[in-house]
Amino acid sequence: KAGVTQTPRYLIKTRGQQVTLSCSPISGHRSVSWYQQTPGQGLQFLFEYFSETQRNKGNFPGRFSGRQFSNSRSEMNVSTLELGDSALYLCASSLGATYTEAFFGQGTRLTVV
Amino acid sequence: KNEVEQSPQNLTAQEGEFITINCSYSVGISALHWLQQHPGGGIVSLFMLSSGKKKHGRLIATINIQEKHSSLHITASHPRDSAVYICAVERGSQGNLIFGKGTKLSVKP
């Protein structure tokens, strides 16, 4: 079956702009989690959605937001981009129950100039 | 101090060697994940475990809940095993993972 699909794969934006990233989970998966990876901070949890509801949120400013649609596809949005937002953004999908394996997408590499 | 510590940070091995990567954590967890990340960024989930030991092919993962410690072993290592291996702990809420800094493994032929 198809894996987790993230689009776009690469993105270049200017400071102050906003950006929307998309994640299509594996069919049947209802949970989508988002992570940011930078050389300095490593991987950090952004938020998790299950059945269109945000269940968990990491320690990121309000400029980072997300949503999930009824087909489980998820988007994350970053407003007023800063240079420090340059990172690899990864999403992972799972069935959503406790102790279920997560499957990661290839990521979207965002560069803010 | 990071809540999840991995060692070593970098590891170079010869093909065929037995490899061990360690992960220690300081918080209560519901599960521990071992992930593999190749250049280019994609992450593959290798194991998710909450107790005992799991084995997939040449990979073995163990966890000791009392000691808050997990190990990832690779037997008969191969150059295609070269990647960054990341330990992550789950604190009871789905998806809310705390990650180690990763171990960069290079296996030479």
Problem set entry | region A:55-68, residues that are over 24 Å from residue B:35 (Cβ atoms) and in contact with a strand residue (DSSP E or B) (Cβ under 8 Å, 6 or more places away or on another chain) | A:63, A:65, A:67
Exercise. Are any residues in region B:1-32 over 15 Å from residue B:74 (Cα atoms), surrounded by fewer than 19 Cβ atoms within 10 Å (Cβ to Cβ), within 15 Å of the chain's Cα centre (by Cα) and among the hydroxyl-bearing types (Ser, Thr, Tyr), and if so, which ones?
Worked result: B:24
For this session: Report, ordered by the first and then the second residue, all pairs with beta carbons closer than 6 Å, sequence separation of six or more or different chains, a first member in region A:58-69 that is farther than 17 Å from residue A:24 by Cα, and a second member that is among the small types (Gly, Ala, Ser).
Result: A:63/A:79
For this session: Inspect region A:37-47 for any residue being in a strand (DSSP E or B), in contact with a Ser or Thr (Cβ under 6 Å, 6 or more places away or on another chain) and either at pLDDT 95 or above or farther than 16 Å from residue A:110 by Cβ (or both) and give the result as yes or no.
Result: no
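Output yes when any residue across region A:66-84 is farther than 24 Å from residue B:84 by Cβ, in a helix (DSSP H, G or I) and away from chain B (no Cβ under 14 Å), and no when none is.
The answer is yes, given that some residue of region A:66-84 is farther than 24 Å from residue B:84 by Cβ, in a helix (DSSP H, G or I) and away from chain B (no Cβ under 14 Å).
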Seminar exercise, completed: Those residues of region B:1-27 which are touching a residue at least 60 places away in the same chain (Cβ under 8 Å) and polar (S, T, N, Q) amount to B:2, B:6, B:7, B:9, B:10, B:12, B:14
For this session: From the list A:105, A:16, pick out the single residue that is at positive phi and either at the interface with chain B (Cβ under 9 Å from one of its Cβ atoms) or touching a Leu at 6+ places or on another chain (Cβ under 7 Å) (or both).
Result: A:16
Exercise. What single numbered condition from (1) surrounded by fewer than 16 Cβ atoms within 10 Å (Cβ to Cβ); (2) within 13 Å of chain B (Cβ to nearest Cβ) fails to hold for residue A:49?
Worked result: (1)
Exercise. Name the residues in region B:33-82 that are surrounded by 13 or more Cβ atoms within 10 Å (Cβ to Cβ), among the polar types (S, T, N, Q) and within 12 Å of chain A (Cβ to nearest Cβ), would you?
Worked result: B:36, B:37, B:45, B:50
Exercise. Limited to region B:83-102, what total is found for residues that are within 12 Å of chain A (Cβ to nearest Cβ) and within 15 Å of the chain's Cα centre (by Cα)?
Worked result: 12
Exercise. Consider residue B:92 against the criteria (1) within 26 Å of residue A:91 (Cβ to Cβ); (2) surrounded by fewer than 21 Cβ atoms within 10 Å (Cβ to Cβ); (3) touching a strand residue (DSSP E or B) at 6+ places or on another chain (Cβ under 7 Å): it satisfies all of them except one. Which criterion is unmet?
Worked result: (3)
Exercise. Is at least one residue of region B:12-21 under 20 Å from residue B:106 (Cβ atoms), more than 14 Å from every other protein chain (Cβ to nearest Cβ) and touching an Asp or Glu at 6+ places or on another chain (Cβ under 7 Å)?
Worked result: no
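The values are calculated or read from the model by the stated rules, or taken from the named source; none is laboratory data. The model shown is predicted, which means the values in this text are computed figures rather than measured ones. Here Cβ is always computed from backbone atoms with ideal geometry, including for glycine, and neighbour counts include all displayed protein chains.
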